[in-house]
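Encoded as structure tokens, the structure appears first; notes follow it.
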Amino acid sequence: MARNSAQAAPPQGNGAAPAAAPEVKQPRVVWDDSSMRTSYANVSNVFGTREEVTLLFGSNQSWQAGQGDVRVTLSDRIILNPYAAKRLLLLLDKGLKEYESRFGELKV
């Protein structure tokens, strides 16, 4: 007699092979840029606490040798939880490695 594919698998624990885990469907990410704004930064800084990592971005309009003070105009602050900051670190590392493989090493 042919086995009906709709029948339940035998109960676990009787020596039978475990049932395959159900396939988990990954959600599709939809990027909505309708509210996005663009900023330019040539200066950045980072600091953090146990609960968050803060990124500061800004620009310096005058890079003159012998200048006593360098004034940086801060334009954006992005606050991330440590997990999001770690994912950003990995993405930046991957992106910069790809950039350097195409255009050469960045010396900083």
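Details
- Residue pairs meeting the criteria (Cβ under 7 Å; at least 6 apart or on separate chains; first closer than 23 Å to VAL53 by Cα and free of Cβ contacts under 8 Å to residues at least 12 places away in the same chain, in the stretch 86-108; second of a type in the set (Asp, Glu) and surrounded by fewer than 10 Cβ atoms within 10 Å (Cβ to Cβ)): none
- Applying the condition of being among the polar types (S, T, N, Q) and touching a Ser or Thr at 6+ places or on another chain (Cβ under 6 Å) to the stretch 50-99 and asking which residue is nearest to ARG37 (Cα to Cα) yields SER75.
- Of all residues in the stretch 17-32, those satisfying the criterion of being of a type outside the set (Val, Ile, Thr) and either loosely packed, with under 10 Cβ neighbours inside 10 Å or not in a loop (DSSP other than H, G, I, E, B) (or both) are ALA17, PRO18, ALA20, ALA21, PRO22, GLU23, LYS25, GLN26, PRO27, ARG28, TRP31, ASP32.
Here, each number is a calculation from the coordinates, and none is a lab measurement. Quick caveat: nothing in here was measured; it's all calculated off a predicted structure. Every residue, glycine as well, gets a Cβ built from its backbone with ideal geometry; the counts of neighbours run over all protein chains shown.
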